[in-house]
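J.: Sharing a structure below in structure tokens format, with a few things to ask.
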Amino acid sequence: MTKQQVRTAVAGYSDAPSDEAFERMFERDKDMLRALGIPVVTVGTGGHTDELGYRIDQDAYALPSIDLTPAELGVLSLAAQFWQDKTLQTDITRAMVKLRAAGAGDPSADALAGLAPSVRAVGDAYGPLMEAIEARRVVTFSYRAAYNGAVLTRHVEPWRIAARDGGWYLMCFDRDRQAPRVFRMSRIESRVRVIGPANAYEVPEFDTDAMLGGGPHGEMRQAVVAVRPERASALRARAKAVPDGERTAYDAHLARTTRSGAGEHAGWDILQVPYRSLTGMASEAAGYGAALVVLEPESVREETVRRLTAAAALGTRNVRAEVSRG
């Protein structure tokens, strides 16, 4: 389409008070589309005129029909939250826009409740390290040791990057120490430089959990929760129903806990949920709001209530702030 055809066809352009205003709107929208990863291509219209035309390169942009369930799109949305870093945010935003444009729909909020990731920003080291991992190239950087604060230059063969306990870690072979090592990426002091040829080493088979110091910390424990029907699917995936012989007692416990009448929670499921971290379990439970009630242990219930109370107070403060601003 020529610029004039676009001006006639696109709603809003006809409201431009002048040609100059239209030009500004047109250039702004082209830049916005390109920033979203939509390739707007300039082409000649042919014939006896030098007028230019504009089109979206479908081959470079279009996706086939994608049929994702709300839960599947929820997982992708969760991953997008995980990568909210300035070096990756643009690509992630483009990817989610394309998925929704291809008809993937909106994620299920309940599928994500309690699962929002809490990982610090990955930092500038991530990009060069991922490129080096992909090409199997050696890198060098300055690193501040945790035990004495000394800053030393390292030469490593990067194997994998992983997140654990809110931080990012590089698993690699340290050529200076001639041994496998793990480096916390927040302690990398300098720019990561990629050196040497591609395919310079082979990545061995290794256990990520073992290299990072074992699996999830803490002894496996068990919480008992009451859940509304067809809610908290992520939690249900690892839970099991309480034995039939214990159901009556837990129903009575639920009525006392919520100060509700008999039968008010009829149809709710009473589930046993394994967990290791008290704060992790409470955070997940609080994420489901009124769809879930923690019955035991009391420590998890108290922490969940504390989080919900803090969230409610935050909402009240926000409303008051809006009112005070008029």
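J.: Determine if the stretch 84-97 includes at least one residue that is in a loop (DSSP other than H, G, I, E, B), open to solvent by less than 30 Å² (accessible area, probe 1.4 Å), modelled with pLDDT under 65 and not hydrophobic (A, V, I, L, M, F, W, C). Spell out how you get there, then give the answer.
T.: Filtering the stretch 84-97 down to residues in a loop (DSSP other than H, G, I, E, B) leaves 84-88.
Then drop every residue that is not open to solvent by less than 30 Å² (accessible area, probe 1.4 Å), which leaves 85.
Applying the additional criterion that residues be modelled with pLDDT under 65 yields 85.
Now narrow it down to the ones that are not hydrophobic (A, V, I, L, M, F, W, C): 85.
Within the stretch 84-97 (the criterion being in a loop (DSSP other than H, G, I, E, B), open to solvent by less than 30 Å² (accessible area, probe 1.4 Å), modelled with pLDDT under 65 and not hydrophobic (A, V, I, L, M, F, W, C)), the answer is yes, since at least one residue qualifies.
J.: Tell me, yes or no, whether the stretch 17-36 has at least one residue that is under 30 Å from Leu129 (Cβ atoms), open to solvent by 40 Å² or more (accessible area, probe 1.4 Å), of a type outside the set (Gly, Ala, Ser) and modelled with pLDDT of 75 or more. Please lay out each step first, then the result.
T.: Of the stretch 17-36, the ones under 30 Å from Leu129 (Cβ atoms) are 34-36.
So of that shortlist, the ones also open to solvent by 40 Å² or more (accessible area, probe 1.4 Å) come out as 34-36.
This time we only want the ones that are of a type outside the set (Gly, Ala, Ser), so: 34, 36.
Right, trim to modelled with pLDDT of 75 or more and you get 34.
So far as the stretch 17-36 goes, yes, one or more of its residues are under 30 Å from Leu129 (Cβ atoms), open to solvent by 40 Å² or more (accessible area, probe 1.4 Å), of a type outside the set (Gly, Ala, Ser) and modelled with pLDDT of 75 or more.
J.: Another question about this same structure. Restricting the search to the stretch 133-150, which residues are in a strand (DSSP E or B) and open to solvent by less than 70 Å² (accessible area, probe 1.4 Å)?
T.: Of everything in the stretch 133-150, those that are in a strand (DSSP E or B) and open to solvent by less than 70 Å² (accessible area, probe 1.4 Å) turn out to be Val138, Val139, Thr140, Phe141, Ser142, Tyr143.
J.: Right, here's the next one. Which one of the conditions (1) under 18 Å from Val242 (Cα atoms); (2) open to solvent by less than 50 Å² (accessible area, probe 1.4 Å); (3) at pLDDT 85 or above does Thr304 fail to meet, given that it meets all the rest?
T.: The failed condition is (1).
J.: Which of the following residues is touching a His at 6+ places or on another chain (Cβ under 9 Å) and modelled with pLDDT of 90 or more: Val293, Val225? Reasoning before the result, please.
T.: Numbers: Val225 fails: touching a His at 6+ places or on another chain (Cβ under 9 Å).
Exactly one of Val293, Val225 is touching a His at 6+ places or on another chain (Cβ under 9 Å) and modelled with pLDDT of 90 or more, namely Val293.
J.: Could you tell me which of the residues Val273, Val293 is within 16 Å of Arg221 (Cα to Cα) and open to solvent by less than 50 Å² (accessible area, probe 1.4 Å)?
T.: Numbers: Val293 fails: within 16 Å of Arg221 (Cα to Cα).
Result: Val273 is the single residue among Val273, Val293 that is within 16 Å of Arg221 (Cα to Cα) and open to solvent by less than 50 Å² (accessible area, probe 1.4 Å).
J.: List the number of the failed condition for Glu298; all other conditions in (1) surrounded by 16 or more Cβ atoms within 10 Å (Cβ to Cβ); (2) at pLDDT 90 or above; (3) not hydroxyl-bearing (Ser, Thr, Tyr) hold.
T.: Failed condition: (1).
J.: So Ala282 ticks every box in (1) buried (at least 17 other Cβ atoms within 10 Å of the Cβ); (2) more than 17 Å from Thr309 (Cβ to Cβ) but one. Which box is left unticked?
T.: It fails just one condition, (2).
J.: Here's another thing I want to ask about it. Which pairs turn up if I take residues in the stretch 59-82 that are under 14 Å from Val97 (Cα atoms) and part of a helix (DSSP H, G or I) and look for partners that are open to solvent by less than 50 Å² (accessible area, probe 1.4 Å) and at pLDDT 70 or above with beta carbon separation below 6 Å, at least 6 apart in sequence or on another chain?
T.: The qualifying pairs are Tyr61/Ile38; Tyr61/Pro39; Ala80/Ile92; Ala80/Met96.
J.: Looking at (1) in a helix (DSSP H, G or I); (2) open to solvent by 50 Å² or more (accessible area, probe 1.4 Å); (3) at pLDDT 85 or above; (4) not β-branched (Val, Ile, Thr), can you tell me which one Arg177 breaks?
T.: (1)
J.: State all residues of the stretch 1-16 that are loosely packed, with under 12 Cβ neighbours inside 10 Å and hydroxyl-bearing (Ser, Thr, Tyr); if no residue qualifies, say none. Spell out the reasoning first.
T.: Going residue by residue through the stretch 1-16, those that are loosely packed, with under 12 Cβ neighbours inside 10 Å are 4, 8-9, 11-12, 14-15.
Correct list: Thr8, Ser14.
The values are calculated or read from the model by the stated rules, or taken from the named source; none is laboratory data. Just so it is clear, the model here is predicted, and its values are computed rather than measured. Cβ: placed from backbone, ideal geometry, glycine included. Neighbour counts: every protein chain shown. Surface areas here come from the heavy atoms of the whole protein model, side chains and all, with no ligands, DNA or RNA. Shrake-Rupley method; radii C 1.70, N 1.55, O 1.52, S 1.80 Å.
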